[in-house]
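Take a look at the structure below.
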Amino acid sequence: MQFLMVGAGLSGAVIGRQLAEHGHDVTVVDRRDHIGGNCHTERDANTDVMVHVYGPHIFHTDDEEVWQYVNQYANFLPYKNRVKTTSRGQVFSLPVNLHTINQFFGKTMRPDEAHAFITEEQADTSITDPQSFEEQAMRFVGRDLYEAFFKGYTIKQWGCHPSELPASILKRLPVRFNYDDNYFFHKFQGMPENGYTDMITGILDHPSITVKLNTMFDRNMADGFDHVFYSGPLDGYFDYELGRLGYRTLDFERFIYDGDYQGCAVMNYGEEDVPYTRITEHKHFSPWEAHERSVCYREYSRAAGPDDIPYYPIRQVKEKALLGEYVDLAEETQNVTFVGRLGTYRYLDMDVTIREALDTARASLDAIAADQDLKPFFVAPI
């Protein structure tokens, strides 16, 4: 069969490779001049630093099959994400851990003492069923830690007060009563030695795969193929005829520094009067390399406009209602499957994106073998 992959990011590359290995012809198109989507990495010509062009991507997973899959195409080296945050004139470790708690309150508590202090003295125990981000934070860590580390950052990141956001967002941010400052807790964590673009190049390197860059997708292109796997914006496929789904986007203020700018890869800024959310220093994402100079990004978050790169789906009540209407449209569409972060309007980590791509490819191959139609969605967006 002849398949068209719209988007040369992880979803299109992984699905395309699986189909190609089973004898099908695959064409991959992307509007950009490079593969890799928002995972794209490249060497900076001035410093030789490997730069995460669209912001840092750190690979972490408990999915052993996915870990083995990416290691087929790249040499992953150990990397632990240790985030710092500047607040009230001091630098603290995130996620909130025993060192953060002791430093913030000027104490030397043991784990059990800190646990009792936070849960009994700081946490707002009157909140029994947190409904908002703010209530969840108050219930977890209390007002002082919430206002120092979460409130201002969240207002800048999402453009609204934490009381307007669902509690589920904060479930990604653990509190630890030990000195473990590893941001993630997954079994497998690392970075590809030569960057993500090199890895995705390897995935797409198959004689039955053709890649066309600087190519804008048009629905008429589907006429030359048996089926389309579409990883672009779901609303964009339908030319936004029902309206635009809401996203947050990021602006990067890139600068070069002679030396080591901040001594870590990620420094958050939790106070609302600092306009950026964080500064990332990209040479620290490759700690096995040595560079005298440094490439840094100041990150600013704002509402995405029509010409912006969509990063984070908002998925509030209004957006979910519009999403439902687009899903109904998609369910009536023939010979196209919507995949990935944009195609299903969901925030996805890289490992989940790859897992869903592998599962989608396998389910598609099974449907082909059974002479059945391929589904519009193999993972429900709602």
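The values are calculated or read from the model by the stated rules, or taken from the named source; none is laboratory data. Note that the structure is a prediction, hence the values are computed from the model and not measured. All Cβ positions, even for glycine, are placed from backbone atoms using ideal geometry, and neighbour counts span all protein chains on display.
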Among residues belonging to the stretch 23-53 that are hydroxyl-bearing (Ser, Thr, Tyr) and within 16 Å of residue 287 (Cα to Cα), point out the one that is farthest from the chain's Cα centre (by Cα).
47
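Conditions (1) at negative phi; (2) surrounded by fewer than 24 Cβ atoms within 10 Å (Cβ to Cβ); (3) among the charged types (D, E, K, R); (4) at pLDDT 95 or above, marked per residue:
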position: 7; (1), (2), (3), (4): no, no, no, yes
position: 15; (1), (2), (3), (4): yes, no, no, yes
position: 21; (1), (2), (3), (4): yes, yes, yes, yes
position: 28; (1), (2), (3), (4): yes, no, no, yes
position: 36; (1), (2), (3), (4): no, no, no, yes
position: 45; (1), (2), (3), (4): yes, yes, no, yes
position: 56; (1), (2), (3), (4): yes, yes, no, yes
position: 59; (1), (2), (3), (4): yes, no, no, yes
position: 62; (1), (2), (3), (4): yes, yes, yes, yes
In the stretch 106-119, residue surrounded by the fewest Cβ atoms within 10 Å (Cβ to Cβ) [restricted to those that are modelled with pLDDT of 95 or more and of a type in the set (Val, Ile, Thr)]
108
Quick check: is even one residue across the stretch 245-254 assigned to a loop (DSSP other than H, G, I, E, B), within 17 Å of the chain's Cα centre (by Cα) and among the small types (Gly, Ala, Ser)?
yes
So is residue 302 within 22 Å of residue 38 (Cβ to Cβ) and at pLDDT 95 or above or not?
yes
Selection from the stretch 305-315 of residues that are over 29 Å from residue 257 (Cα atoms) and assigned to a loop (DSSP other than H, G, I, E, B):
305, 306, 307, 314, 315
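Just need a number here: residues in the stretch 13-68 that are more than 30 Å from residue 293 (Cβ to Cβ), assigned to a loop (DSSP other than H, G, I, E, B) and small (Gly, Ala, Ser).
Residues meeting the conditions: 1.
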Given the condition surrounded by fewer than 16 Cβ atoms within 10 Å (Cβ to Cβ), over 23 Å from the mean Cα position of the chain (by Cα) and of a type in the set (Gly, Ala, Ser), answer yes or no: does some residue in the stretch 325-335 qualify?
no
Sole exception among (1) part of a helix (DSSP H, G or I); (2) buried (at least 18 other Cβ atoms within 10 Å of the Cβ) for residue 376, by number
(1)
Residues in the stretch 285-293: is at least one under 29 Å from residue 159 (Cβ atoms), out of contact with any Lys or Arg (no Cβ under 7 Å at 6 or more places or on another chain), touching a residue at least 40 places away in the same chain (Cβ under 8 Å) and of a type in the set (D, E, K, R)?
no
Could you list all residues from the stretch 120-159 that are surrounded by fewer than 17 Cβ atoms within 10 Å (Cβ to Cβ) and in contact with a strand residue (DSSP E or B) (Cβ under 9 Å, 6 or more places away or on another chain)?
131, 159
Number of the exception - residue 168 against (1) among the polar types (S, T, N, Q); (2) at pLDDT 90 or above; (3) surrounded by fewer than 14 Cβ atoms within 10 Å (Cβ to Cβ); (4) closer than 30 Å to residue 249 by Cα
(2)
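Would a scan of the stretch 212-221 turn up a residue that is over 24 Å from residue 334 (Cα atoms) and surrounded by fewer than 17 Cβ atoms within 10 Å (Cβ to Cβ)? Working first, answer last.
Taking the stretch 212-221 and keeping what is over 24 Å from residue 334 (Cα atoms), we get 213-214.
Filter once more, keeping what is surrounded by fewer than 17 Cβ atoms within 10 Å (Cβ to Cβ): 213-214.
Within the stretch 212-221 (the criterion being over 24 Å from residue 334 (Cα atoms) and surrounded by fewer than 17 Cβ atoms within 10 Å (Cβ to Cβ)), the answer is yes, since at least one residue qualifies.
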State whether one or more residues within the stretch 8-30 are touching a residue at least 24 places away in the same chain (Cβ under 8 Å), hydrophobic (A, V, I, L, M, F, W, C) and more than 28 Å from residue 347 (Cα to Cα).
no
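Of all residues in the stretch 193-222 being outside any helix (DSSP H, G or I) and either of a type in the set (Ser, Thr, Tyr) or not assigned by TED's automatic domain parsing to the domain that holds residue 32 (or both), which is farthest from residue 72 (Cα to Cα)? Break it down stepwise before answering.
As a first pass, look at the stretch 193-222 and keep what is outside any helix (DSSP H, G or I): 193-195, 205-218.
So of that shortlist, the ones also either of a type in the set (Ser, Thr, Tyr) or not assigned by TED's automatic domain parsing to the domain that holds residue 32 (or both) come out as 208, 210, 215.
Working: 208: 19, 210: 20, 215: 28 Å.
Out of the qualifying residues, it is 215.
In the stretch 81-119, how many residues are part of a loop (DSSP other than H, G, I, E, B) and either in contact with a strand residue (DSSP E or B) (Cβ under 9 Å, 6 or more places away or on another chain) or among the basic types (Lys, Arg) (or both)?
So in the stretch 81-119, the residues part of a loop (DSSP other than H, G, I, E, B) come out as 81-82, 88-89, 95-97, 106-110.
If we keep only those that are either in contact with a strand residue (DSSP E or B) (Cβ under 9 Å, 6 or more places away or on another chain) or among the basic types (Lys, Arg) (or both) too, we end up with 81-82, 88, 95, 107, 110.
Residues that pass the stated criteria total 6.
Could you pull out the residue among 296, 264 that is in a loop (DSSP other than H, G, I, E, B) and within 26 Å of residue 76 (Cβ to Cβ)?
Details: 296 fails: in a loop (DSSP other than H, G, I, E, B).
One residue alone meets the criteria, 264.
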Of the conditions (1) touching a Pro at 6+ places or on another chain (Cβ under 7 Å); (2) without any contact (Cβ under 8 Å) to a residue 60 or more places away in the chain, residue 249 clears all except one; give me its number.
(2)
